[in-house]
Amino acid sequence: MNKLYVPIRIDIDNENSDDGYFSLGFVFDHDDKITPHNIGLCRNEQEGEANSIYIEADDQIYGFTTNKAGYSINNNILTLTLLDSNFFYWDKSKTISIKINEEEIDEIEKCLISIFSI
């Protein structure tokens with residue numbers, strides 16, 4: 001079974017300013033030497049590749065775009081899965097599982113729907 005990551009902070013941009021930018025970020029530890037320290041995903045409808053998702057963990061050198069990824073939320077666990085040749089750099093896996101608070105599920109899922117509607 002994959003390791004379960006528990007964020008200390010979640011940042012959500014549900015495109016409230018109508019700028020076509022959607023992002024979701026998770027910070028797992030204050031110490032940036034912990035791997036992964038953070039992971040973020042976004043989609044920008046106005047710039048770049050509008051039909052792809054950008055995923056970055058810890059640093060831009062580990063970032064990549066994809067249009068083949070999926071997610072699920074079950075029992076307060078968000079699972080992101082890469083469905084192409086990309087992988088998460090720290091363990092070469094194609095899946096990450098993140099514990100989310102029940103009171104944030106609706107807002108997180110709203111953002112994920114926007115990000116993954118490519």
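The values are calculated or read from the model by the stated rules, or taken from the named source; none is laboratory data. Keep in mind that what you see is a predicted model, and the values were worked out from it rather than measured. Note that each Cβ is placed from the backbone with ideal geometry, even for glycine, and that neighbours are counted across all protein chains shown.
Report whether or not LYS99 is touching a strand residue (DSSP E or B) at 6+ places or on another chain (Cβ under 8 Å), within 15 Å of ILE10 (Cβ to Cβ) and among the basic types (Lys, Arg). Here the answer is yes, as LYS99 does meet what is asked.
Selection of the range 96-111 for residues being surrounded by 13 or more Cβ atoms within 10 Å (Cβ to Cβ) and not in a loop (DSSP other than H, G, I, E, B) yields ILE96, SER97, ILE98, LYS99, GLU104, ILE105, GLU107, ILE108, GLU109, LYS110, CYS111. Listed by position, the strands (runs of 3 or more DSSP E) enclosed by the range 24-94 that each have at least 3 residues that are within 20 Å of LYS110 (Cβ to Cβ) and touching a strand residue (DSSP E or B) at 6+ places or on another chain (Cβ under 9 Å) are 38-44, 53-57, 69-74, 77-82. Limited to the range 9-23, what total is found for residues that are closer than 13 Å to ILE39 by Cβ, of a type outside the set (D, E, K, R) and either at pLDDT 95 or above or not in a strand (DSSP E or B) (or both)? The qualifying residues number 1.
Out of the range 68-90, which residues are without any contact (Cβ under 8 Å) to a residue 12 or more places away in the chain and within 16 Å of ILE39 (Cβ to Cβ)? Residue satisfying the conditions is PHE87 alone.
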